[in-house]
Amino acid sequence: MTQTHVARRQRLMSQIGEGVAILPTAPEAIRNADTHYPYRPDSHFLYLTGFAEPGAVLVLDARAGKSILFCREKNLEREIWDGFRHGPEGAKEQFGFDEAYPIDELDQRLPDLLSGQPQLWWNIGRNPAFDQQVAGWLNAVRARYRTGEQAPPRFGDLLVLLDEMRMIKDAGEIATLRRAAQISAEAHVRAMRATRPGLYEYQVEAELLHTFVSHGARFPAYESIVAGGANACTLHYVGNDCRLNDGELLLIDAGCELNGYAADITRTFPVNGRFSGPQRDLYELVLAAELAGIDAVKPGALWTAPGDAALQVLVRGILDLKLLEGTVDGVIESGAYRQFYMHSIGHMIGLDVHDVGQRKQGGEWRTYQPGMCTTIEPGLYIRPAANVPEAFHNIGIRIEDDVLVTDSGREVYTAEVPKGVQEIEDLMRTS
């Protein structure tokens with residue numbers, strides 16, 4: 001995707017006009033003692049460069065039309081221990097930078113690059129240590145005032161521009177998102193087929209991870225939720241260490257990361273392969289809400305439209321099941337439904353599972369545009385309470401798909417995972 005990354009950098013420089021933008025990648029993180037977490041580059045940095053090594057900083061000189069990378073030097077001894085490094089020359093050639101220098105020269109070269117520039121853009125306030133480093137470069141330029149040099153007088157938040165760019169996915173991104181979804185869908189189907197009473201949640205999680213890794217997606221996009229029974233009523237449950245019991249439901253919220261791009265799928269199904277009556281009633285209600293939310297995703301629709309559509313269905317069903325009393329409008333206005341449904345309908349998805357982008361513009365909700373990718377994920381979480389019949393106690397259900405906004409409507413690109421009651425029961429019966 002080198003040409004794609006070059007084009008993105010050029011597009012960003014055209015928005016900047018004149019000035020300099022500086023973007024560091026993510027630092028390495030210690031897990032314990034001298035062991036690191038698996039390295040993951042900063043998503044914005046990856047979007048602009050495709051360069052996945054730590055210890056790197058991108059500089060865009062919009063006035064000169066140049067992209068400059070600072071990165072680790074080649075070091076054969078360290079490469080024996082830690083693996084291949086491109087080095088400045090290799091990175092320049094491989095990733096299409098105009099110039100590349102050792103990261104050790106960053107402090108020396110930045111004041112010269114900043115001198116006389118009208119504006120400086122960086123990820124202001126997101127990384128205090130980097131903010132301090134930027135202040136040092138600015139002060140180095142200011143110290144040269146006797147020679148007539150000037151530091152940039154204006155500052156801009158670079159991530160405001162990048163967040164907006166990343167909201168609309170290009171063809172290459174969409175292809176990667178579809179492939180990540182395909183792998184994740186296969187993992188969910190494998191997990192459904194493997195599930196039976198007596199297993200532990202982590203054993204089902206292992207089925208997910210096996211599928212991810214066997215298809216080249218070495219890591220999940222987020223910590224997998226494998227929540228049996230009452231655990232599904234904890235929205236971000238990740239313990240995954242309890243036994244699965246006959247007669248309970250299992251909620252799996254999991255997706256892989258492929259080349260930096262995330263999938264995010266949730267399915268809920270019976271551990272023994274058969275929904276009970278109360279489970280089916282609640283499940284079909286959540287499914288109807290999800291389908292209503294998906295149907296509301298289309299070009300020109302307000303960001304809030306899917307949530308509003310799903311909420312209408314959920315509240316009407318909650319009243320029909322006599323979990324609450326009143327009218328649909330009254331329950332929505334009072335917020336009483338939040339006893340059972342306490343989150344929003346979804347989020348953007350891309351290089352981050354909860355992807356970037358402002359939901360409002362000028363104080364108004366923005367509309368969906370072709371190329372946006374969003375999740376739709378209503379749920380019901382029925383904890384024991386005085387107003388809840390015992391048959392519904394400790395049932396947690398969420399159904400989630402990833403949806404691409406197209407020119408004519410939408411594409412549910414995670415649809416390969418069954419979610420109809422009969423589809424699920426048939427799949428588990430033949431396992």
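The values are calculated or read from the model by the stated rules, or taken from the named source; none is laboratory data. Just so it is clear, the model here is predicted, and its values are computed rather than measured. For neighbour counting, all protein chains shown are included, and Cβ atoms are generated from backbone atoms with ideal geometry for every residue, glycine included. Keep in mind that these areas ignore ligands, DNA and RNA; they rest on the heavy atoms of the full protein, side chains included. Shrake-Rupley method; radii C 1.70, N 1.55, O 1.52, S 1.80 Å.
Counting only residues that are of a type outside the set (Gly, Ala, Ser) and outside any helix (DSSP H, G or I), segment 174-221 holds 9 of them.
Count of segment 280-295 residues, restricted to those that are open to solvent by 10 Å² or more (accessible area, probe 1.4 Å) and either within 20 Å of TYR368 (Cα to Cα) or touching a Leu at 6+ places or on another chain (Cβ under 8 Å) (or both), is 6. Filter segment 389-428 for residues that are open to solvent by 20 Å² or more (accessible area, probe 1.4 Å) and of a type in the set (Lys, Arg) and give the result. Answer for segment 389-428, where residues must be open to solvent by 20 Å² or more (accessible area, probe 1.4 Å) and of a type in the set (Lys, Arg): ARG410, LYS419. The one condition from (1) under 26 Å from PRO370 (Cα atoms); (2) without any contact (Cβ under 8 Å) to a residue 40 or more places away in the chain; (3) polar (S, T, N, Q) that THR176 does not meet is (2). Checking TYR47 against (1) without any contact (Cβ under 8 Å) to a residue 24 or more places away in the chain; (2) open to solvent by less than 10 Å² (accessible area, probe 1.4 Å); (3) of a type outside the set (S, T, N, Q): exactly one of these is not met. Which one? Answer for TYR47: the failing condition is (1).
Here is a yes/no grid of residues against (1) touching a Ser or Thr at 6+ places or on another chain (Cβ under 6 Å); (2) buried (at least 18 other Cβ atoms within 10 Å of the Cβ); (3) farther than 12 Å from PHE51 by Cα:
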| residue | (1), (2), (3) |
| --- | --- |
| ARG63 | no, no, yes |
| SER67 | no, yes, yes |
| PHE70 | no, yes, no |
| LEU76 | no, no, yes |
| GLY90 | no, no, no |
| ASP112 | no, no, yes |
| GLY116 | no, no, yes |
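The sole residue among GLY96, GLY55, GLY50 that is within 22 Å of ALA135 (Cβ to Cβ) and in contact with a Ser or Thr (Cβ under 8 Å, 6 or more places away or on another chain) is GLY55. Of the set (1) under 22 Å from GLN361 (Cβ atoms); (2) touching a residue at least 24 places away in the same chain (Cβ under 8 Å); (3) surrounded by 19 or more Cβ atoms within 10 Å (Cβ to Cβ), all apply to LEU311 but (1).
Candidates are the residues of segment 54-100 that are in a helix (DSSP H, G or I) and of a type in the set (Lys, Arg); the one that is farthest from GLY19 (Cα to Cα) is ARG78. Considering segment 332-375, the residues that are open to solvent by less than 10 Å² (accessible area, probe 1.4 Å) and among the aliphatic types (A, V, I, L, M) include one that is nearest to LEU404 (Cα to Cα), namely MET372. Note on segment 206-236: residues that are within 24 Å of ARG383 (Cα to Cα) and open to solvent by 30 Å² or more (accessible area, probe 1.4 Å) amount to 6. Sub-6 Å Cβ pairs linking a first residue in segment 119-140 that is of a type in the set (Val, Ile, Thr) to a second residue that is modelled with pLDDT of 95 or more and surrounded by fewer than 18 Cβ atoms within 10 Å (Cβ to Cβ), at least 6 apart or interchain, are ILE124/ASP157, ordered by first then second residue.
Taking the criterion of being assigned to a loop (DSSP other than H, G, I, E, B), open to solvent by 30 Å² or more (accessible area, probe 1.4 Å) and of a type in the set (A, V, I, L, M, F, W, C), the residues of segment 118-166 that qualify are ILE124, ALA143.
Output the residues belonging to segment 314-354 that are over 30 Å from PHE219 (Cα atoms), of a type in the set (Ser, Thr, Tyr) and in contact (Cβ under 8 Å) with a residue 24 or more places away in the chain. Answer for segment 314-354, where residues must be over 30 Å from PHE219 (Cα atoms), of a type in the set (Ser, Thr, Tyr) and in contact (Cβ under 8 Å) with a residue 24 or more places away in the chain: just TYR337. Taken over segment 17-38, residues that are under 25 Å from VAL160 (Cα atoms) and assigned to a loop (DSSP other than H, G, I, E, B) amount to 7.
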